[in-house]
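Just dropping this structure here.
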Amino acid sequence: MKRPAKWEIVCSGIGGRGVLLASAVLIETATAAGYHAMASDELGMSQRGGSVVSMLKVGAFRSPFVGRENADVLLSFEESEFYRNLTFLKRDGLAIVNSSRRETPPAVAALLKARGIRCRLVDADGIANRHGAMQASNMAMLGFFSHFGLGPFTFDAILGAIGRKVAPRLFDMNKAVCTEGRGAAAAAAAGYEVRR
C-alpha cells in the first residue's frame, strides 16, 4: 500500500510580516487539493514586532505541532528568525529565507551542508518594494516556494488560494509579487543572478 503524502512546514517571522496570512494561504492550498491540513500559531509579542511561528501539517496527522528536526520546509520571513527556528528543520530539509545576502555566513553554511539542508536566500523585501508593496514580501516568499513543486503547493494552486484569502482589490498586486518570487527561484536554479 502506498504511504500517504505528508508534509510538515514551519513559517517563522516577526509581527507584521504576513506570516499568518502566508500560513493561511498554504492551508487553503492544501485543503483545496483534498488534503487534511492543520496549523498551530505561536504569536508571542507579535503586535510589537516579536516572533511569530506558524506550524503546518498536511496529511494524516493528529497534532498540529512540529517537533524538533521534523519539518520538511522552513520558510523564514525574517533572517534572524531563520537562525532561531533552524532546529525544527529535518536533515535534507528545505529552508527559504528572506534575506538581502547572497549567501549564508560560513559557519551556518557548514552546518547546513553537514545536515544536507538546501537553503535558498531570496530578497523578498526587494521584490515587494519594486511593486510598491513592502507588506507583500510574504507573497514573494510563497512564489519562491512554489517553484519547488512540493505536493499540492504549485504556483497555480497557491495563486488560487491567494485569490480566496486576500481582498479582490489587492489580488493583482499580490499576484505580481508572487510571480516575481517564483521567477527569482527559477533564475537562481538556472544559475543566473537575479537583478536587484
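The values are calculated or read from the model by the stated rules, or taken from the named source; none is laboratory data. Please read all numbers here as calculations on a predicted model, not as lab measurements. Don't worry about glycine lacking a Cβ; one is built from the backbone with ideal geometry, like all the others, and counts go over all protein chains shown.
Is there any pair with a first residue in the stretch 141-163 that is without any contact (Cβ under 8 Å) to a residue 12 or more places away in the chain and a second that is among the β-branched types (V, I, T) whose Cβ atoms are under 9 Å apart and which are 6 or more apart or on different chains, and what are they?
T154/T29
For the stretch 64-86, which residues satisfy the criterion of being of a type in the set (A, V, I, L, M, F, W, C) and exposed (fewer than 15 other Cβ atoms within 10 Å of the Cβ)?
F65
Scan the stretch 128-157 residue by residue and report those that are buried (at least 24 other Cβ atoms within 10 Å of the Cβ) and over 14 Å from R17 (Cα atoms).
Answer for the stretch 128-157, where residues must be buried (at least 24 other Cβ atoms within 10 Å of the Cβ) and over 14 Å from R17 (Cα atoms): G143, F144, F145.
Then there is this: Restricting to the stretch 95-144, give me the number of residues that are more than 14 Å from the chain's Cα centre (by Cα) and either over 16 Å from E78 (Cα atoms) or outside any loop (DSSP other than H, G, I, E, B) (or both).
Total meeting the criteria: 22.
Continuing with the same structure: Inside the stretch 63-87, can you point out the residues that are under 13 Å from M141 (Cα atoms) and in contact with a Ser or Thr (Cβ under 9 Å, 6 or more places away or on another chain)?
L74, L75, S76, F77, E78, E79
Right, here's the next one. Between a residue in the stretch 88-110 that is more than 19 Å from N138 (Cα to Cα) and at pLDDT 95 or above and any residue that is of a type in the set (G, A, S) and not in a loop (DSSP other than H, G, I, E, B), which pairs come within a Cβ distance under 7 Å, given they are 6 or more apart or on different chains?
These pairs meet every condition: F88/A71; L89/A71; L89/A95; K90/A71; G93/A71.
While we're on this one: Quick test of your reading of the structure: R91 fulfils all but one of (1) out of contact with any His (no Cβ under 7 Å at 6 or more places or on another chain); (2) in a helix (DSSP H, G or I); (3) basic (K, R). Name the failing condition by number.
Evaluating R91 over (1) out of contact with any His (no Cβ under 7 Å at 6 or more places or on another chain); (2) in a helix (DSSP H, G or I); (3) basic (K, R) leaves (2) as the failure.
Within the stretch 69-88, which residues are among the polar types (S, T, N, Q) and not in a strand (DSSP E or B)?
N70, S80, N85, T87
From the residues in the stretch 17-35 that are of a type outside the set (A, V, I, L, M) and surrounded by 14 or more Cβ atoms within 10 Å (Cβ to Cβ), which one is modelled with the lowest pLDDT?
Ranking the candidates gives R17 first.
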